[in-house]
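One structure is given below, encoded as C-alpha cells.
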Amino acid sequence: MPGIDFAAVRAAVSLQDVLNLIEFRPVRRNQRGLRGSCPFGCDGSPRDFAAYLETNRYYCFSCRRGGNQLELWARLQRLRLYDAALDLCQRLHIEVPLIHRW
Ligand SMILES: [Zn+2]
C-alpha cells in the first residue's frame, strides 16, 4: 500500500471543500471564519461549530472536537485518515498524491 502525502492532500483540499461536501450552512461569518451547527449532531447551540478557513481548522465549543479538514472528513465518514484522504481525492477529482519510495 503506497503512502499518501497527507500534507499535499491538505494543500489540495481545503476545509471549505469539506464543508461544501457536507452542505454546511453557516449562520455567521466573520474575518476569522464561519460559525454554524455542529456536523456531529451534538446538542450545542447553532453557533458552536467554528470553521477557520485560513488555517483549515475546525472546533466545536460544545463537543470539543477539533482538527483539520482531513480529520473532519475522517470522523464524519468514520474512515481511517488514509481512507478519508483517498475518498476526498476521488470525490473532488484530485490525483492522489502518493509518497514515492525508491
Ligand atoms: Zn459538536
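The values are calculated or read from the model by the stated rules, or taken from the named source; none is laboratory data. Computed from a predicted model, the values in this text were never measured in an experiment. In this analysis, Cβ positions are derived from the backbone assuming ideal geometry, glycine residues included, and neighbour counts consider all displayed protein chains.
A few comments on the model shown:
- Segment 61-86: number of residues that are of a type in the set (Ser, Thr, Tyr) and assigned to a helix (DSSP H, G or I): 1
- Residue check for ARG35: more than 16 Å from LEU76 (Cα to Cα), out of contact with any Ser or Thr (no Cβ under 9 Å at 6 or more places or on another chain), among the charged types (D, E, K, R) and within 15 Å of the ligand (Cβ to nearest atom): yes
- Exclusive hit being modelled with pLDDT of 95 or more, away from the ligand (no atom under 16 Å from the Cβ) and surrounded by 15 or more Cβ atoms within 10 Å (Cβ to Cβ), set ASP83, ASP87: ASP87
- The strands (runs of 3 or more DSSP E) located wholly in segment 1-56 that include 1 or more residues which are out of contact with any Gly (no Cβ under 7 Å at 6 or more places or on another chain), crowded, with 18+ Cβ neighbours inside 10 Å and modelled with pLDDT under 95 occupy 33-36.
- Members of segment 10-32 found to be touching a strand residue (DSSP E or B) at 6+ places or on another chain (Cβ under 8 Å), closer than 24 Å to ARG78 by Cβ, within 15 Å of the ligand (Cβ to nearest atom) and aliphatic (A, V, I, L, M), listed by number: LEU19
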